[in-house]
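Accompanying notes for the structure given below.
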Amino acid sequence: MNLPQRRYLPIRLESIKPEREIPFDLFLRDGEHYVLFRRARQMLTRGTIDKYVDRGIGDLYIDPRHQRELAQFFEECLATEFVDPLMPLDRKAALLMDASRSIMDSIFDDPAAPKVLRRARAVVDYTIDFVSLGRDAVSSLTQLCSHEYQTYVHCLQVSIYAVAIGNQMRLSREFLACLGEGALLHDLGKTAVASKVLTKVGELTVGEWVEMKRHPTKGLELLAQNEAIDERTRSAISGHHERLDGSGYPEGLTRDNIALPARIVAVADVYDALTTEFPFRPAHTWEGALKVLQEEAKAGLDADVVRELSVVIGTGRRKSK
Ligand SMILES: [Fe+2]
């Protein structure tokens, strides 16, 4: 029987530095299958990369058995390449997105491992540095956000939106770091929810809802086993489903009792969900999603935060047209 292969790990051609040795076999995708493109330890020249990008080949793939090594490889790339002032903005955005995605994949694969917060903080620090470069940087990064749903990708994208909102609100670097860290890990507790509940298309039963609503608390418990958590990070994780009118969970907190990091992550979370495609509905456009958020801001979401997100998203998109 011809079974589809396991999900290979994507790496954008744009995020590969020319002449850098890649320690993994690289594959091209052919429908449900992957075919060898380059053997491990080969280098790609600028000309080769440009040629394939021109042909519309955006992504290469890596065998999923190398998930942890790939995350380590990207951690090195961020430390050595990302800081290069001569690296073009688009390539930096591609590298940041691929590296963060890979690191998040390995964090969600082993959420109770030590140093989860420290690795998340490193991802957020690079995101803050990048977003601080200005509107063009924010725009190039948010436009790389995908519309496919995977919990760890969703968390990464929520973190990018949250940091961009916080930067727009001129919050301090330390606040942004805690906010971004909390956003990155806001759904970590979903790793403890049964996958049949997470992926259920129909309505959840009462029991399934109870399980689902535990994920903010569960995420904190997983992290607290190994590391001390800043209060701002903690509130982003525990409070991202709270709503100003008291209709949220797990505590049913109201307005002033919901900390700012939680209010920001709530808006970023809903925006990313709206612009994501699900089996039961297509993705909203960015303009449609902002309209829905403005409606929801009348009761549950923080209207000031929604306004800041509109500036972040709207300005970048209009400029890039
Ligand atoms: Fe959540």
- Task: Would you work out if region 35-99 is rounded, prolate or oblate? Take a ≥ b ≥ c from the square roots of the eigenvalues of the alpha-carbon gyration tensor; rounded if a/c is under 1.5, else prolate when a/b is larger than b/c, oblate otherwise.
- Result: oblate
- Message: At 7 Å along Cα-to-Cβ for each site, give me the label-to-label distance between T151 and R46 in nm.
- Response: 4.3 nm
- Note on the structure: Given a Förster distance of 25 Å, the FRET efficiency implied by the Cβ-Cβ spacing of E19 and V53, rounded to the nearest 0.05, works out to 0.95
- Residue order, fewest to most beta carbons within 10 Å, for F108, F278: F278, F108
- Report the extension gain between T285 and E174 in nm, rounded to one decimal, defined as 0.36 nm multiplied by the number of residues separating them, less their alpha carbon distance. 36.7 nm
- Task: Among the aspartates and glutamates, select those whose C-alpha is under 20 Å from the C-alpha of K51, and discard any that sit fewer than 8 residues away in the same chain.
- Result: E14, E19, E21, D25, D30, D59, D90
- Simple spin-label model, 7 Å along Cα-to-Cβ: A79 to V201 in nm? 4.5 nm
- Label points 7 Å out from Cα along the Cβ direction at Q72 and M87: separation in nm? 2.0 nm
- Relative contact order (%) - criterion: Cα under 8 Å, at least six apart; region: the chain: 14 percent
- Item | the chain: calculated mean residue ellipticity at 222 nm from DSSP helix runs of at least 4, using -39500 (n - 2.57) | -16000 deg cm²/dmol
- Note on the structure: Mean separation of Cα contacts under 8 Å (at least 6 apart) over the residue count of region 51-200, i.e. the relative contact order in percent, is 23 percent
- Query: Which order do V270, V158, V312, V35 fall in if you start with the one that has the fewest other Cβ atoms within 10 Å?
  - Reply: V35, V270, V312, V158
- Task: For helix 286-296, report the angle its Cα long axis makes with the longest principal axis of the Cα atoms of the chain; keep it between 0 and 90° and round to the nearest 10°.
- Result: 20 degrees
- Let me know the shape class of region 90-181, please: from the alpha-carbon gyration tensor, a ≥ b ≥ c as square roots of the eigenvalues, rounded when a/c is under 1.5, otherwise prolate if a/b is greater than b/c, or oblate. oblate
- Task: Using only Cα atoms, locate the centre of region 231-245 and the centre of region 68-123, then give the distance between them in Å, rounded to an integer.
- Result: 25 Å
- Among the lysines in region 111-320, how many pairs, 8 or more places apart or on different chains, have alpha carbons under 21 Å apart? 10
- Task: Give the shape of region 111-320 as rounded, prolate or oblate, defined through the alpha-carbon gyration tensor: a ≥ b ≥ c are the square roots of its eigenvalues, a/c under 1.5 means rounded, and otherwise the shape is prolate if a/b is larger than b/c and oblate if not.
- Result: rounded
- Charge dipole magnitude, Cβ of K and R +1, D and E -1 - the chain, Cα centre, debye nearest 20: 480 debye
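The numbers here are math on the coordinates, done by the rules we state, and not lab data. Bear in mind the structure is a predicted one, so any value in this text is a computation, not a measurement. No Cβ is skipped: glycine too gets one built from the backbone with ideal geometry, and neighbour counts run over all protein chains shown.
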